[in-house]
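I have placed the structure first, in the form of structure tokens, so that the comments after it can refer back to it.
The values are calculated or read from the model by the stated rules, or taken from the named source; none is laboratory data. Nothing here was measured: the structure is a model prediction, and the numbers come from that model. Don't worry about glycine lacking a Cβ; one is built from the backbone with ideal geometry, like all the others, and counts go over all protein chains shown.
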Amino acid sequence: MPPLTSVLLVDDDPTTNFLNKLLLTRMGVAEQVLVAENGEQALRTLDQTCKAAENATCPRLILLDMNMPVLNGLAFLEAYAQMPLAHRQATVIVMLTTSLHPVDLAHAQQLPIAGFLSKPLTQEKVTVLLQKHFTQ
């Protein structure tokens, strides 16, 4: 499988971002791995990378943490759902979390999300995710 053009990691923990970026880079998952430390930064990143006509750097995959300051995962998804369809149509969002309250789980399933993965991210989890969402 050719690498994705771009992946966006959204997590408030710098260590988690570092390790996930290292894993994705070593696996050759994407040409570019972007990092945002909260949902607000992630929305700004998407606005900058997805508004170009060709969307060349618009993330194909977003790995999203649930619990973050400023704008958490659910609030990010609600704002993301309001973005223009052209910004959203080629992007897969997967929620990365250590635990998920049933109320949050039910809420998240109403939003534009492709699934959930438990932390930590591993090579096996990434491989299954890529096979599920990015192979023909």
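To keep it simple, each residue is scored yes or no on (1) free of Cβ contacts under 8 Å to residues at least 12 places away in the same chain; (2) of a type in the set (A, V, I, L, M, F, W, C).
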| residue | (1), (2) |
| --- | --- |
| F18 | yes, yes |
| L23 | no, yes |
| R26 | yes, no |
| E31 | no, no |
| Q41 | no, no |
| C50 | no, yes |
| T98 | no, no |
| H107 | no, no |
*Quick one: would you say M95 is modelled with pLDDT of 80 or more, out of contact with any His (no Cβ under 9 Å at 6 or more places or on another chain) and within 19 Å of L4 (Cα to Cα)?*
yes
*N55 passes all but one of (1) modelled with pLDDT under 95; (2) touching a Phe, Trp or Tyr at 6+ places or on another chain (Cβ under 8 Å); (3) crowded, with 18+ Cβ neighbours inside 10 Å; which number fails?*
(2)
*Take the residues of the stretch 57-69 that are hydrophobic (A, V, I, L, M, F, W, C) and over 15 Å from T45 (Cα atoms): which is farthest from the chain's Cα centre (by Cα)?*
M68
*May I ask you to list the residues in the stretch 24-42 that are closer than 17 Å to M95 by Cβ, in contact with a helix residue (DSSP H, G or I) (Cβ under 7 Å, 6 or more places away or on another chain) and surrounded by fewer than 19 Cβ atoms within 10 Å (Cβ to Cβ)?*
V35
